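S.K.: Just passing along the structure, written as structure tokens.
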Amino acid sequence: MGAIQLTPTPATAERILHADAQRVIDAINAFTFETFKTRGGRLGSGMGSLIEAMWVYYMNGVLQNEGGEAQLCEIAWLQDHEPADFACLTRGANWDPASRLGELFRIEAKSMNIGVDEAKGHFTNLRSETREYDQLLVLVWSWTTAANQYVWPRIHDYFLGPALPIIELRDALHRQRGGTFVDAQNCPDGCEPLACTHAGEPLNAAGKRERRSGPRTCKPANVEYAANFGGLIRMLKTDNDSARQRFRDLRRANPVAHRYISFIHKHYPAEEVNQYRKAEWQTALRCAGLPTNGESASEANAILRQHLPNYQELLRDTF
Ligand SMILES: [Zn+2]
């Protein structure tokens, strides 16, 4: 009798990947420091894509070496047309991407170069394309000075978590901006409801499509699609009280939403400063037991960062 091959549950595989994630980043950084050290570091270099791909190989190495249940998981690269980058498979299982047979969950990977003002990464997967354990991976990196004018691509931080709560946050704030999602019963292309392929496609406040796969009649002039939806930073922006309230409600209600917001704001302080009013920053200082003396919003934010490691929980709980 051979040993029984166990199949990890998606929840187990998710726990394993989360537990190993920092080790994977450390291993990639050790490699890129040795190998990709160079004079000059180009933006738009494709290095972000290379780092995303390396994550697959390094995660597989960690899983393999760890043994036990971790060894029963492996990361695969999905073909171009699939709405995610990677899949976590049961090692050795038959795999059929079309039906997801053999898959535990999928992973959408994004990299953000912290040296670039407007990060290009967009997370546009639709709710209908996403299952309970599917994950979003975000890698924040930059060209970092080594010595003697040499730089290397260093991953500073990562986010790895379930995609659905982030989709919920993204879609709620999209609606707050006047955006909509196509209803198959009433598709702008006039499709037969059962034949409509545009259900759930995001349209902006001007009714223009936000993905190439949106309705043909909603194509903006001169471009294929508007490309504002799902910006990793932009999706969190709010510009009115109602949107700010929704943002705060969702941050309080869901720990994954809070973790994603906190991650983005940690690396883009100006976004965090803008999310709360000057008087609220003063309140946050007082709640933290810190003296206030007319600090500006960004000054108050800097003080909180310096003195209160869990200031983002304070922001969540106070407002
Ligand atoms: Zn349609």
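Derivation of every value follows stated rules applied to the coordinates shown; laboratory data play no part. What you are looking at is a predicted structure, and each value in this text was computed from that prediction instead of being measured. Because the Cβ atoms are built from the backbone with ideal geometry, glycine has one as well, and the counts that use them run over all protein chains shown.
S.K.: Please report the net charge: other residues with Cβ closer than 10 Å to the Cβ of Phe319, K and R +1, D and E -1. List each step's numbers first, then the result.
M.R.: On the way: positive: Arg244, Arg248, Arg251, Arg252, Arg277, Arg316; negative: Glu280, Asp317.
Net charge in that neighbourhood comes out at +4.
S.K.: Once all Cα-Cα distances of the chain are split into 20 Å bins that start at 0, what whole-number percent is in each one?
M.R.: 27, 55, 17, 0
S.K.: Also, quick follow-up: Using a simple charge model, +1 on the beta-carbon of Lys and Arg, -1 on the beta-carbon of Asp and Glu, nothing else, what dipole does segment 191-319 show about its Cα centre, in debye to the nearest 20?
M.R.: Numbers: 20 positive and 14 negative charges, 45 e Å.
Its charge dipole is roughly 220 debye.
S.K.: Could you give each residue of segment 70-80 its phi-based ³J(HN,Hα) in whole Hz, using Karplus coefficients 6.51, -1.76, 1.60 with θ = phi - 60°, and x for Gly or Pro?
M.R.: Using θ = phi - 60°, the values come out as 4, 5, 7, 10, 8, 9, 10, 9, 7, 4, 3 Hz.
S.K.: Further question: What residues have an amide H closer than 5 Å to that of Lys219, excluding those fewer than 5 places away on the same chain, when H is modeled at 1.01 Å from N in the peptide plane?
M.R.: Arg209
S.K.: Hey, in the GNM for the chain with a 10 angstrom Cα cutoff, which one of Gly294, Gly178, Gly161 fluctuates hardest?
M.R.: Gly294
S.K.: Note down, for segment 239-318, the three equivalent ellipsoid semi-axes (square root of 5 times each alpha carbon gyration tensor eigenvalue), biggest first, whole angstrom.
M.R.: 20, 14, 12
S.K.: Follow-up. Pairing rule first: another cysteine's C-beta must sit under 4.7 Å. Under that rule, which cysteines of the chain stay single?
M.R.: So, Cys73, Cys88, Cys218, Cys287.
S.K.: Now for a separate question. Can you give the translational diffusion coefficient of segment 241-286 in µm²/s, computed by Stokes-Einstein from the Kirkwood radius over Cα pairs at 20 °C and 1.002 mPa s?
M.R.: For the chosen part, D equals 190 µm²/s.
S.K.: Taking the Cα-to-Cβ direction at Ser296 and at Glu129 and moving 7 Å from each Cα, how far apart do the two end points lie in nm?
M.R.: Those two pseudo-labels are separated by 4.0 nm.
S.K.: Shifting gears a bit: Take the Cα of Arg39, step 7 Å along the line toward its Cβ, and report every residue of segment 126-155 whose backbone nitrogen sits under 19 Å from that point.
M.R.: 143-153
S.K.: Another one. Under a Cβ-only charge scheme (Lys and Arg +1, Asp and Glu -1), can you give me the dipole magnitude of the chain about the Cα centre, in debye to the nearest 20?
M.R.: Working: 36 positive and 38 negative charges, 172 e Å.
Here the size comes out at about 820 debye.
S.K.: How much length, in nm to one decimal, is gained on full extension between Asp317 and Glu168, taken as 0.36 nm per residue of separation minus their Cα-Cα distance?
M.R.: Extending this stretch completely gives an extra 51.6 nm.
S.K.: If you don't mind, there's one more thing I want to ask. Remind me, relative contact order of the chain in percent, using alpha carbon pairs under 8 angstrom and six or more residues apart?
M.R.: Relative CO of the chain lands at 12 percent.
S.K.: For Leu104, list long-range residues whose amide hydrogen, built 1.01 Å from N in the peptide plane, is under 5 Å from its own amide hydrogen.
M.R.: Cys88, Leu89, Thr90
S.K.: While we're looking at this one, here's another question. Please state, rounded to one decimal and in Å, the Kirkwood hydrodynamic radius that segment 207-250 gives when every pair of distinct Cα atoms enters the mean of 1/r. Can you show the working numbers first?
M.R.: Details: mean 1/r = 0.0833 Å⁻¹.
Computed over Cα pairs of segment 207-250, the Kirkwood hydrodynamic radius comes out at 12.0 Å.
S.K.: Another question about this same structure. How many Å³ per residue does the convex hull of the Cα positions in segment 10-162 occupy?
M.R.: 111
S.K.: Also, I was wondering about something else. Taking the Cα centre of segment 10-162 as the origin, how large is its charge dipole in debye, to the nearest 20, when only Lys and Arg (+1) and Asp and Glu (-1) carry charge on their Cβ atoms?
M.R.: In debye, rounded to 20, segment 10-162 gives about 460.
S.K.: Which far-off residues, 5 or more places away or on another chain, put their amide H under 5 Å from the one on Ala109, with H placed in the peptide plane?
M.R.: The answer is Asp85, Phe86, Leu137.
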